[in-house]
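Trainee: Quick one: the structure is below, and I'll ask about it shortly.
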Amino acid sequence: MIRVLFFAQLKEQLGCEQLDFPSAGIGNLADLKAALTAQGEQWQPLTQTNLMMAINQEMADLEDSVADRDEVAFFPPVTGG
Amino acid sequence: MIRVLFFAQLKEQLGCEQLDFPSAGIGNLADLKAALTAQGEQWQPLTQTNLMMAINQEMADLEDSVADRDEVAFFPPVTGG
Amino acid sequence: MISVQTQDFSLAEEYQALTQGNQTDGAVVTFVGLVRDFNQGNQVLGLSLEHYPGMTEKALAKIVQQARAKWDLGRVRLIHRVGDLHLSEQIVFVGVSSKHRKDAFDAAEFIMDYLKNDAPFWKKELTDKGPVWVAFNDKDKAAKAQWTVTS
Amino acid sequence: MISVQTQDFSLAEEYQALTQGNQTDGAVVTFVGLVRDFNQGNQVLGLSLEHYPGMTEKALAKIVQQARAKWDLGRVRLIHRVGDLHLSEQIVFVGVSSKHRKDAFDAAEFIMDYLKNDAPFWKKELTDKGPVWVAFNDKDKAAKAQWTVTS
């Protein structure tokens with residue numbers, strides 16, 4: 001399984017904070033995002049532009065590989081400081 | 001008279017902190033500097049390069065006019081902060 | 001010293017930690033970010049700061065490491081608060097000591113510019129029109145970009 | 001607030017003066033310059049700061065005015081000590097508050113860069129080789145020059 005986390009307004013839009021998603025067939029972040037979005041209408045917020053992603057708590061891109069037991073996060077551009 | 005002040009190492013080199021100098025014949029800072037230097041060997045430190053000057057407590061150049069009762073200062077480049 | 005915390009911090013204590021027993025650094029630059037009353041067109045009453053525990057600390061450590069690689073720095077302290085904050089409360093602290101002032105100024109500004117782009121914090125402002133997630137500011141992207149151009 | 005003084009200053013008090021009752025400024029940058037142990041090849045034990053009373057205050061006021069003309073600043077505080085100072089003692093303080101951090105960073109650095117060139121202070125260091133007048137640093141001239149190029 002892949003542990004998937006959502007933060008800030010994305011978390012509110014999805015109505016979901018975290019979930020475990022089957023890693024079968026998931027090669028990279030793009031695959032994971034597509035598989036999540038395919039679950040239904042309520043996952044459309046994942047298609048918004050400018051979303052940021054992390055794999056195992058490091059910033060990542062859609063092409064980066066994802067493996068079983070990885071921790072993946074999707075979130076809006078950061079606004080701290 | 002022109003009130004003339006010296007600071008820092010220039011003051012030590014000249015052995016003089018301030019003096020009143022006759023304003024007759026003094027048109028600008030260059031004139032004043034030349035007249036001071038002409039007083040004798042001990043005034044040679046005034047010919048060193050990079051000396052800074054002020055007239056009435058504002059930074060000034062050799063071409064700037066000096067008049068009777070002005071306060072003029074000669075000093076090395078500043079090193080505060 | 002890097003800390004992500006709910007409690008407030010003291011500039012005086014941070015300055016003490018930057019300077020005590022430190023005879024080699026002649027320059028100390030500090031930055032404090034505070035909750036201000038007006039942002040992106042809204043009257044702000046307070047804000048709530050969410051973050052990504054675990055990743056936040058790693059991201060901040062990486063930013064400080066990048067700053068140390070670019071400049072000759074003495075001590076660096078970085079604190080970011082999370083949770084609910086009221087108007088005028090302190091949000092973030094960066095303190096840098098160094099031998100020369102330019103290194104301290106550049107590093108402190110660099111750390112803030114990178115933090116604004118790379119550290120997983122999100123601000124939700126409580127405004128007179130209700131809660132509003134703060135939008136990313138493109139000026140922050142430009143501020144980060146300048147460091148790769150001029151280096 | 002601009003002050004030329006023999007007595008020490010407190011960063012905590014200065015920060016208080018920059019922020020108290022100030023809800024509009026979200027950014028505060030401070031710089032403190034201290035007597036450090038090694039400068040221009042000499043072991044420093046302390047220093048003596050001479051200045052040009054009267055002109056000093058005018059020069060500092062002009063520098064702050066120049067900074068205010070370039071950036072949107074809230075409060076600005078500038079303190080420079082004179083007289084005899086020991087190792088690790090505080091020499092100079094600049095504090096700037098503003099709505100946006102870049103203005104505060106730029107203004108604080110600008111004020112220091114201009115002070116280093118235009119304010120009539122002279123440092124005599126007490127070193128292990130005896131008293132030495134500090135030589136003007138060409139890096140300070142370059143630091144000032146950058147502001148007219150990039151503005």
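Trainee: Looking for something more than 26 Å from residue D:16 (Cβ to Cβ), within 11 Å of another protein chain (Cβ to nearest Cβ) and not basic (Lys, Arg) - is there at least one such residue anywhere in region C:85-103? So that I can check it myself, show each step before the final result.
Mentor: Taking region C:85-103 first, the residues more than 26 Å from residue D:16 (Cβ to Cβ) are C:99-100, C:102-103.
Still in the running and within 11 Å of another protein chain (Cβ to nearest Cβ): C:99-100, C:102.
This time we only want the ones that are not basic (Lys, Arg), so: C:100.
So far as region C:85-103 goes, yes, one or more of its residues are more than 26 Å from residue D:16 (Cβ to Cβ), within 11 Å of another protein chain (Cβ to nearest Cβ) and not basic (Lys, Arg).
Trainee: Could you tell me whether any residue of region A:33-47 is away from chain C (no Cβ under 14 Å), surrounded by 12 or more Cβ atoms within 10 Å (Cβ to Cβ), within 19 Å of residue A:78 (Cα to Cα) and without any contact (Cβ under 8 Å) to a residue 60 or more places away in the chain?
Mentor: yes
Trainee: Let me ask you something else. Please determine whether any residue of region A:29-52 is in a strand (DSSP E or B), closer than 24 Å to residue C:61 by Cα and modelled with pLDDT of 95 or more.
Mentor: Within region A:29-52, one or more residues are in a strand (DSSP E or B), closer than 24 Å to residue C:61 by Cα and modelled with pLDDT of 95 or more.
Trainee: Further question on the same structure: Taking interchain pairs and intrachain pairs at least six residues apart, which have beta carbon atoms under 9 angstrom, with the first residue in region A:60-71 and under 15 Å from residue A:25 (Cα atoms) and the second surrounded by fewer than 11 Cβ atoms within 10 Å (Cβ to Cβ) and aliphatic (A, V, I, L, M)?
Mentor: Listed by first residue and then by second, the contacts come to A:68/A:24.
Trainee: Hey, can you tell me all the residues within region A:59-81 that are outside any loop (DSSP other than H, G, I, E, B) and surrounded by fewer than 13 Cβ atoms within 10 Å (Cβ to Cβ)?
Mentor: A:65
Trainee: Same structure, new question: Can you pull out the residues in region C:11-24 that are over 20 Å from residue C:100 (Cβ atoms) and surrounded by 13 or more Cβ atoms within 10 Å (Cβ to Cβ)?
Mentor: Of everything in region C:11-24, those that are over 20 Å from residue C:100 (Cβ atoms) and surrounded by 13 or more Cβ atoms within 10 Å (Cβ to Cβ) turn out to be C:11, C:12, C:14, C:17.
Trainee: Would you please name the residue that is nearest to the other protein chains (Cβ to nearest Cβ), looking only at residues in region D:108-151 that are small (Gly, Ala, Ser) and touching a residue at least 60 places away in the same chain (Cβ under 8 Å)?
Mentor: Across region D:108-151, the extreme among qualifying residues is D:119.
Trainee: Considering only region D:46-81, state which residues are farther than 29 Å from residue D:26 by Cα and more than 9 Å from chain B (Cβ to nearest Cβ).
Mentor: Listed by number, the residues that qualify are D:46, D:47, D:48, D:53.
Trainee: If I ask for residues that are under 17 Å from the mean Cα position of the chain (by Cα) and of a type in the set (Gly, Ala, Ser), which ones from region C:97-141 would you list?
Mentor: Answer for region C:97-141, where residues must be under 17 Å from the mean Cα position of the chain (by Cα) and of a type in the set (Gly, Ala, Ser): C:97, C:104, C:107, C:108, C:119.
Trainee: Now, a different point. Residue by residue through region D:39-67, note down the ones that are free of Cβ contacts under 8 Å to residues at least 40 places away in the same chain and closer than 21 Å to residue D:139 by Cβ.
Mentor: D:41
Trainee: Taking the residues in region B:7-29 that are of a type in the set (Gly, Ala, Ser) and more than 14 Å from residue D:120 (Cβ to Cβ) as candidates, determine which candidate is surrounded by the most Cβ atoms within 10 Å (Cβ to Cβ).
Mentor: Going residue by residue through region B:7-29, those that are of a type in the set (Gly, Ala, Ser) are B:8, B:15, B:23-25, B:27.
Those left that are additionally more than 14 Å from residue D:120 (Cβ to Cβ): B:15, B:23-25, B:27.
Details: B:15: 9, B:23: 16, B:24: 8, B:25: 8, B:27: 12.
This residue is B:23.
Trainee: Can you name every residue in region C:1-33 that is in contact (Cβ under 8 Å) with a residue 24 or more places away in the chain, more than 8 Å from every other protein chain (Cβ to nearest Cβ) and either assigned to a helix (DSSP H, G or I) or over 23 Å from residue C:110 (Cβ atoms) (or both)? Full working, then the answer.
Mentor: Let us first name the residues in region C:1-33 that are in contact (Cβ under 8 Å) with a residue 24 or more places away in the chain, namely C:1-9, C:11, C:14-15, C:17-19, C:22, C:24-33.
Now drop any that are not more than 8 Å from every other protein chain (Cβ to nearest Cβ), which leaves C:1-9, C:14, C:17-18.
Hits for region C:1-33 are C:6, C:7, C:8, C:14, C:17, C:18.
The values are calculated or read from the model by the stated rules, or taken from the named source; none is laboratory data. These numbers were taken from a predicted model, which means no experiment stands behind them. Glycine also receives a Cβ, built like all others from the backbone with ideal geometry; neighbour counts cover every protein chain displayed.
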